Structures are given as structure tokens and as C-alpha cells.
Amino acid sequence: MADEFETVIGLECHVELATATKMFCGCANEFGAPPNTNVCPVCLGHPGTLPVPNQRAIEYAIQIGLALGCKIAPHSLFHRKNYFYPDMPKNFQISQYDQPLCVNGHLDVQVDGQTTRVGITRVHLEEDTGKTTHAGATGRIAEADYALEDYNRAGVPLVEVVSEPDMRSAEEARAYLTELRAILEALGVSDVRMEEGSLRCDANVSVRPVGSADLGTKVEIKNLNSIRSLYRAVRFEEERQRTALESGERLVQETRHWDENRGITSPLRSKEFAFDYRYFPEPDLSPLEPDPEWIEQLRAALPELPAERRRRLAQEHGLEPRQVAQVGASREWADFFERTVALGSDPKAAANWIIGDLAGLLNEHHVALAHSKVGPQHLADVVRLFASGHISSAGAKSALAVAFESGDPIEKIVEDRGLRQVSDTSALDAVIEDAIAENPGPVEQFRKGKEAAINALVGHVM
Amino acid sequence: MAELCDLTAHELAGRLRSGEATTADVVDSALGRVTAVDERLHAFLVVTEDLARRQAGRVDELRARGEPLPPTAGIPLALKDVLCTRGIRTTAGSKILEPYVPPYDCTPWGRLDRGGAVLVGKTNCDEFAMGSSNENSAYGPVRNPWDPERVPGGSSGGSAAAVAAGEAVWALGTDTGGSVRQPASLCGVVGLKPTYGRISRFGLIAFASSLDHVGTLTRDVRDAATLLSAIAGNDPLDATSLPGPAADYAEGLDAGLAGLRIGVVEDWLSMEGVQPGVRDSFHAAVDMLAGMGASVDRAELPHADYALSAYYLIAPAECSSNLARFDGVRYGFRAPGASDVVEMNMRSRGRGFGDEVKRRIMLGTYSLSAGYYDAYYGQAQKVRTLVIRDYEKAFERFDLLVSPTSPTTAFKLGEKTENPLAMYLSDVFTIPSDLSGTPAISIPCGLAADDGLPVGFQFMGRLEDERTVLRAAFALEQELGFTARPPLVPAAAG
């Protein structure tokens, strides 16, 4: 039965830009500062204050647009999106509406070796809101005794990346978000930490009969705090919708909340209010008209993007597609790999050690690569000593495990723990002759056929 | 002999330089006038007496040490209460900001403060600058020094009345639909609204951002030029601020009218509701211009008829968004007793805002709503473009356009409060320059024959061409020799 439906997914991602200051004022843009310390009259919406756009934020947004193959609009506008919410100091958000900064791009994603091109509708700039904490026994909005507002985040520059509904599976949605994150990471424009909210994602999910050109009733899922949440939420939602349609229910267009613990989506009550945002052009700001020369400079200065890098990893280092996919999944891993290779390692061997043993250790101990005590030098030493036969496979694994704990150099670990394999036979011969000379008893017993007597000799040699 | 506070800033500057008077004397004089008349006029919401005396002492000290001082130093100034002043309560004439003390200075005051200006106080105004009579102030109306039964105009009525009555030598106001020029006209003083972006709006509590201008209220045109020079110039805190530093606008004031082509917007004079005394005073002044070497001809602004309607869609739309921030959450008035945040917002706004402000928030919310945007806000923006083109076209033929500033002289308190549309017509000649962002000035051109009250004469110039506006206004002012003072001013009365 399930084969009769297909899932249609579009993603809206919000990216907090890693600028030094906020979008429209000079306050520091940093995560985790004490509440209401990075605020000023402008981002608190005091009467008479005016927004002044952050040039670096515009630059970052254009870079994102270029990396996603967008057209950079020669003329775009900031609009006001009007609605009341206590964490939004002006009770309107400066955003972009019908004339965004970047349009018509695309992002290629790979699932099981198949490439799908996902259209990028738009990339636009806006400001973030503050953060509301509902205080009270239950922590639920409706039962809260009071709410606390932290405006440190109010006015932080935000880029929204809106995709076309071009994805057909949770796997594709996951691949899209992974790839988008890798691109943002390569550009260095955001911390892309989903757990801290610097990368946020809402998913629009619908199902329709296979072959239908019309879109089904769409549900927007919020509160997706990790790539895994996105994957699970889409899987849950497509199943829920499919089951509902199969049993003849009618779906309603709504916003649903992903509950990570229970693994389900549920309707958000706030949709009881149908918002009319009364968009109109922000009169305090001039249209954005970036100099075409500046755009070309930014284009020329784009760093190597993940797709290009993966191509290079395959061509330059001869990695297999499976290795490329894993080593090239993020800038961090690819950098680690390439630094290891630069230290003289054989690329394939290095890749296998990284995605095999090192990844295993990181997983097992829940450590991020960035915080790992094992660096490219450790890995290069392991690869080299193993390839030259100086340590056995078991020795290499145990040296890496020790380095993972202590961070000590591999050579030192090998010496300290006696992991070195002696392959110089002339040296070995001398030791064996010593053992025979010094153990006439066991030698005699062995010659008479008592095989166990050899153990004493082996012990001596070791 | 006139008291010090009745002199112009440039006359005072001469006396201060020569040592005939100290800043302390000047400030005493102005504060004395406030004490004498403000109970009747109610031009001030806050009088900053201690600050003024301290600042006066500091300026006198600097002068005694021979420090170079700008022409604004030591001159008593009043600021409309929509201009934020650090540490000094700023209410915008509204209950909702009754407890509000800004943590920062607006750019114009910041610049004047650094130049040794002396702040007498914050002046009363229509709530959030919405009004043409000052009757919309939450703190009670201002009265016209020429006749306390009459309004001073609005919304910068407090600033205009204070300058007319000698409570301040000059003042800043704001002009969104005529709020500097119309009260200047009704109070017999000079009101200048420069090009949009000429004076920073940073710290001006917004009414309608694309229309809000800071302007000056002074006793004569030379003072307007001097005050403008002190506060103009690019401000990095206002993204709509014009580039470049401030010019010296007093330079070339006396170049005369020779060679200037002046267009009279005759159609406006035949409009219903133009007071005969206003029309006559205006025409007499136009005749003078012709005699002074200017060429005078009839000008057309065909879409100006629609300007008022467009204005009353655009301004409320922007106001509905600008005033959303007054919600009781972070500052200002918070109504007690609400059980949740939405109720708190609604109660605070319901009790904090006055009727006219609510009317405009509702109008604006409606005209921006889904399904109505194109018909109202969108259409109004198109009309605005047509008005701008009208001016561009007229300025191909003319260097300046002239008209009365307002259709009538000062009207009685309560006369138009029941009829908002009649009140809105008071700004019909000033609104077009706000829509187009072009500079304009109102100077007194005599007392109307029918009621003996001051009549304002308006010069409108090209974008960024304040110089020609000031030069022509200066020439006409010299020729007119208008010296009448309101009867409420003791020296003039005595």
C-alpha cells in the first residue's frame, strides 16, 4: 500500500551568521553571554532608534547565495513583518519579503550514490528575535506564572535558506541539511551548531499519490534540533499522513511540533491565530543594491566547497566513493584527513584508519573530532609504523587507543609499551642462541619430545 | 527695550561676544519668561532649569577663557518632546511614555549640546506628533501667544509658541505633514523643514519614518540657517541620512532674488476653506517678490489634490508599525492587573494611547492588511510618486514654488476637534513637500486683515537646495520687515 504514495519535502533553514556584531546595531553577537548583557537602545527597540545594516552580514548572505548557485538580486528590499511577541522588541521583524537578496539556486544531494538536485527558492537576510523562558511549575506556556525575556539574541543576523519541495524521502532531507551545513561550515559564515540554535530547520512535509502533479496538504514541522530529529520527524510524519489518507481521513494544513523524546509530531496551538503580517517596505533602510564588482570579488574569493573537495579527494587521493562520503562529510573530517596525508601517509590507509578506528573511538567515547587528543600526526605515525611492519595491526590499534586517552606521541607509546615488532632476524638469532645456551634443561626435555618445554625458551626470548 | 530673551540668536551672539551680556543673563531672561507666561501657554512639559543654568555657567567659563565657541553656544533652546534626551523624561506627548527617560540623546541635540547650547526644556506637542492644533497632547493643549483662546498649530505647537513668546530663542520641532511650518505660521515665527535626510532622525520618536523630518523654529531666517548648519550633516546612525558634512547655510543669504524664477501654486488659493485674510496677505507678498527682481508665474502641481489622501494612508500605515513597540514590556506605561501578556499589551496600549493615535493605528493597520494593501497603501505610494514627479517637473521651470503655509490663521481651541477631516485640511499646503522630501520654509508675511493674526508664507525648493529657499525667504523677510510680537510677550505689551 505504501508504494502508492510519495513524500514531498521542502526545508526552510535559518542560519545565524557568525558576525562580530548584530544585524542593525553594534552589540556583540555571541552565544551564551549572561542575559541582557549584549543589548543597546537599538536592539531593545527604544523609541527613536534606527537600524543601520551590518555590511559583513550582507557579505555573508551573498556568499551563501553564491555557494548555492543563486542569482544575487541587483535590487532587493528589507520589509517589516508585523506581529506582537514580547521577545521581539519592536513588535516587527526586519526581514525580506517579495524582493530577497538571492534567488534561484540549487543544492545537489547524494543518497546511495544517486544525485538529486534540490532547488533553492531564495536566500534572504533578517534579524533574530530574543528568547522567552516560560517560568512556572510545568514550563508550559499556558501554565506559566511569568516569562523571562533575554534580548541578547534580538537583532542577531539571520539568513533564511528556502528550498523548493524537491525532496522525496527523509534520507534526501537529511542529506540536504548535512550538505547545507557543510557548505556553511566551509564558508565560515556560521557556527552551524544546531544544538545552540545557530542552524535551525523547519520541514514542510506532504504526501501525494505517486504520479500526481499536485501537492498534498502540507504540514510544517518545527523544533527540529538536529539532523537526526529532522530524519526521524519526516519518517514519522510521512507515515502519519499516509496512514491518515489510507483510512480516508482529511489532513489539515497546520504547524506541528516535533517531540524528540516521544518521537512524534503534534499540532501547535499557536496556529489558532491566523497571522496577517502586514508586510511593507522598511522605510528606515534603503534598498540593497550590491555593487556587481563586489559580488564578483566575493565569488572569486569563495573557498573550496564540499562538493568540489569531494571530487578532489577522489581524484587526487584515489579514495573510494564510500571513503569520500565519510571523509568528505564535513570540513573538520576532510581537513583532518588531508593533514594526515600531508604528513606522508598513504591516503587510502589514512582514510580507513580515520573512518574505522578513529571514528569508532570517537563514537564510543562521545567525543567530537575537534576535542579529540588524537591528531593528524598520531594517525600518520600509526599508518607509517604499521605499513613498515614496525607494529602489528593489534599493536597499531592499541597504540591509537592509548593515544586517544593520553594524547602521547605514538612513538613514545610504542616504546613504553614494547609494541615494536622486531623484524631484524640477525638480532633475533643472537637472542635465541642465548636462550638455548642458558636453558640446557628445557632444551633437553624438548629434544626428548616434551613440546611444552618450548614455552620456557619462548618466554626467555620475549 | 526688548528683553534678552526676545532677541534673535545672532543678535544675542553679538552681545555675548562683546561682553554686553553673559550666558547666565540670557538664560535668566528666558527662564524668567517661562515663569511669567507658561502657566497660561503650557508650551513646556519639562523645564530643565538646573541643567540650563549649569550649561550657562560652563559656556560663560569657556568664553572667559577665550575658547572658540559656535554661534549656538549659550543660546536658550527648546526641544519638541519627541526628541530623545538622555536622562531627561521624553514623552512624545503621550501617556504611554509618561515614565520614559531615554538612555541616549537624539543626534541633533547631541550636536548642539556639544556646542554649548542651553536646553530650557522639552516642549508640548500633539501625541506622537499626530495633530495640527496641539489639542492631542495627553498633557493638555498649548495656547497661542497671540490669543490664548486659539491653538498654536501642531504638532510642534509647544516649540512654536515658546519661540514666539520668548521662552526660548529658538527650538527644534518635527515635520511629518507640516508640523514645523504650520505652527510657525500660526505663531508668527520662521519654520524650516529641510530636505529629507538632511538632519538625522536618530533619536526622533518615529511617527511615519519616510515622512518624518527634524526642523527648526526661529525668530528669523538667519537663525534658521545657523541652527540648520549646527545640526545638519551625515549621521552614521541614520541609514537615510544624506552623505557629506554640514554646510554653512548662512553663507550667501543676502544674495537677493534677482534672476530667481518663482512659481505660484495658484490652484491652492482657490480651494475651499482658504481664509480671505490669508489670501490677501499672501498675494501682497507675491507682489513684493516681483518687485524685487524675481520672475513670478503660475505653477501647476496637478496631483497635489491627492496628496492629502495619500498622506493619510502612508503616515498611519507607518505609524501602526512604528508604535507597535509601545507594549508595556520593556519601558513606558504598563497597565496593572493583566493576567497574561496579550491582555497586558492590550490594556497598556488601550489606556496609554489617545484617541487620534488609536484612530491612525487602526487606519494604518487596515490599509496594510492582506487584501487591502494594493488598494490603499500600494495606491498611496503610487500617488506619492506622482507628487514627486509634479515637483520635479515644476522645478524644471521654477527655482522655487510659493503658497500660503496653511489655509487659515490660528483657529479657536475646540473648533475642529470634532471634525478630523477639517483638521487634516490645515496641512493641505505643507503635506506635499513632506511626501516629496523637498525643503520648505514658512515665514510670517504679516497679520491677516480679517483677524489680526499672523499669516505664513511658504517657499518650497528643490531637493537638497536649502540655500535657495533660505536666500529667498531672507530677502522677503527683509522687505516685509515683520516685527509684530504677540501681545502675551510682556515687553511688547508694555
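Straight-line reach from A:LYS397: which aspartates and glutamates fall under 14 Å, measuring Cα to Cα and dropping same-chain residues less than 8 apart?
Within reach: A:ASP357, A:ASP381, A:GLU405, A:GLU411.
Using R₀ = 30 Å, calculate the FRET efficiency as 1/(1 + (r/R₀)^6) where r is the Cβ-Cβ separation of A:SER226 and A:SER392; round to 0.05. Present the calculation step by step, with values, prior to reporting the outcome.
Numbers: r = 39 Å, r/R0 = 1.30.
With R0 = 30 Å, the Cβ-Cβ based efficiency is 0.15.
Going by how many other beta carbons lie within 10 Å of each one, how would you line up B:SER159, B:SER200, A:SER229, A:SER212, fewest first? Intermediate values should be presented prior to the final figure.
Values: B:SER159 40, B:SER200 25, A:SER229 19, A:SER212 12.
Fewest-to-most ranking of B:SER159, B:SER200, A:SER229, A:SER212: A:SER212, A:SER229, B:SER200, B:SER159.
B:LYS393: which aspartates and glutamates have alpha carbons under 12 Å from its alpha carbon, excluding same-chain residues fewer than 8 sequence positions away?
The qualifying aspartates and glutamates are B:GLU300.
Applying the Karplus parametrisation 6.51 cos²θ - 1.76 cosθ + 1.60 with θ = phi - 60° to the phi angles of segment B:314-323, what ³J(HN,Hα) value in whole Hz is obtained for each residue in order, glycine and proline being reported as x?
3J(HN,Hα) across segment B:314-323, in whole Hz: 5, 4, x, 4, 5, 5, 4, 7, 4, 8.
Too long at a 28 Å Cα-Cα cut-off: which of B:LYS193/B:LYS382; A:LYS81/A:LYS218; B:LYS122/B:LYS416; B:LYS122/B:LYS382; A:LYS90/B:LYS416?
Values: B:LYS193/B:LYS382 23 Å; A:LYS81/A:LYS218 23 Å; B:LYS122/B:LYS416 26 Å; B:LYS122/B:LYS382 37 Å; A:LYS90/B:LYS416 33 Å.
Cα-Cα > 28 Å for B:LYS122/B:LYS382; A:LYS90/B:LYS416; rest within.
List the residues whose amide H sits under 5 Å from the amide H of B:ALA117, counting only those 5 or more places along or on another chain, with H placed 1.01 Å from N in the peptide plane.
B:GLY74
Given a Förster distance of 30 Å, report the FRET efficiency between A:LEU268 and B:TYR366 from their Cβ-Cβ distance, rounded to the nearest 0.05.
Values: r = 28 Å, r/R0 = 0.94.
Given R0 = 30 Å and the Cβ-Cβ separation, E is 0.60.
Convert 20 °C to kelvin, take the viscosity as 1.002 mPa s, use the Kirkwood radius over C-alpha pairs of chain B as Rh, and evaluate the Stokes-Einstein diffusion coefficient in µm²/s, rounded to a whole number. Don't skip to the end; give the middle numbers.
Values: Rh = 22.3 Å.
Estimated via Stokes-Einstein, D reaches 96 µm²/s.
Charges only on Cβ, +1 for Lys and Arg, -1 for Asp and Glu: so what's the dipole of the protein assembly as shown about the Cα centre, in debye to the nearest 20? Numbers along the way, then the final one.
On the way: 95 positive and 132 negative charges, 158 e Å.
That gives the protein assembly as shown a dipole magnitude of about 760 debye.
Enumerate the amide H contacts of A:ILE264 below 5 Å, restricted to partners 5 or more residues apart or on another chain; note that Pro and chain-start residues carry no placed amide H.
A:ASP259
Please list the non-local residues whose amide H lies under 5 Å from the amide H of B:VAL296, H modeled 1.01 Å from N, same-chain partners needing a gap of 5 or more.
B:ILE262
When the Karplus curve 6.51 cos²θ - 1.76 cosθ + 1.60 is applied with θ = phi - 60°, which whole-Hz ³J(HN,Hα) does each residue of segment A:278-295 get, with x for Gly and Pro?
6, 4, 8, x, 5, x, 7, 10, 7, x, 7, 10, x, 4, x, 5, 5, 4
Going Cα to Cα from A:LYS348, which aspartates and glutamates come in below 13 Å? Please leave out same-chain ones fewer than 8 positions away.
Correct list for A:LYS348: A:GLU316, A:GLU320, A:GLU338.
Whole-Hz ³J(HN,Hα) for each residue in segment A:430-437, computed from phi via Karplus 6.51 cos²θ - 1.76 cosθ + 1.60 with θ = phi - 60°, x for glycine and proline: what do you get?
Those phi angles translate into 4, 5, 5, 4, 4, 4, 5, 5 Hz.
In nm, what is the difference between 0.36 nm times the number of residues separating A:ARG168 and A:THR217 and their Cα-Cα distance?
Values: separation 49, 0.36 × 49 = 17.64 nm, distance 1.50 nm.
Result: 16.1 nm gained on full extension.
Quick one: order A:ILE432, B:ILE96 by neighbouring beta-carbon count within 10 Å, fewest to most.
Least to most surrounded, the residues fall as A:ILE432, B:ILE96.
With a 10 Å radius around each residue's Cβ, average the other Cβ atoms per peptide and rank B:262-271, A:92-101, B:127-136, highest first.
Details: B:262-271: 17.2, A:92-101: 20.2, B:127-136: 28.9.
In decreasing order of mean packing, B:262-271, A:92-101, B:127-136 become B:127-136, A:92-101, B:262-271.
Taking just the alpha carbons, could you work out the radius of gyration and Dmax for segment A:340-399, both in angstroms?
Every Cα atom of segment A:340-399 included, Rg and Dmax give 11.1, 32 Å.
Where Rh is the Kirkwood radius over the Cα pairs of the protein assembly as shown, the temperature 10 °C and the viscosity 1.306 mPa s, what D in µm²/s does Stokes-Einstein return?
Here the translational diffusion coefficient equals 49 µm²/s.
Sum -39500 (n - 2.57) across every DSSP H segment of at least 4 residues in chain B, then divide by the residue count to get the 222 nm mean residue ellipticity, nearest 500. The partial results should precede the final answer.
Details: 17 runs with 194 residues, N = 494.
Taking each H run of at least 4 residues, the total per residue is -12000 deg cm²/dmol.
Of A:TYR151, B:TYR373, how do they rank once you tally other Cβ atoms within 10 Å and put the fewest first?
On the way: A:TYR151 23, B:TYR373 17.
Ranking A:TYR151, B:TYR373 by Cβ neighbours within 10 Å, fewest first, gives B:TYR373, A:TYR151.
How would you rank B:74-82, A:364-372, A:8-16, highest first, on the average number of other Cβ atoms within 10 Å across their residues?
Numbers: B:74-82: 30.9, A:364-372: 10.4, A:8-16: 22.2.
Ranked by mean Cβ neighbours within 10 Å, highest first: B:74-82, A:8-16, A:364-372.
Stokes-Einstein D for segment A:304-416 at 20 °C, 1.002 mPa s, Kirkwood Rh over Cα pairs, in µm²/s?
On the way: Rh = 14.1 Å.
The diffusion coefficient I find is 152 µm²/s.
Two decimals is fine: what's Rg over Rh for chain A, C-alpha atoms, Kirkwood radius as Rh? Write out the running numbers ahead of the final one.
Numbers: Rg = 29.5 Å, Rh = 26.2 Å.
Across chain A, the Cα-based Rg/Rh ratio is 1.13.
Per residue of B:228-241, what is the mean number of Cβ atoms on other protein chains within 10 angstrom of that residue's Cβ?
Per-residue shielding by partner chains comes out at 2.
Throughout, read-outs are computed from the coordinates displayed, never taken from laboratory work. Everything numeric in this text was worked out from a predicted model, so none of it was measured. Cβ coordinates were reconstructed from backbone atoms using ideal geometry, including for glycine residues, and neighbour counts include every protein chain displayed.
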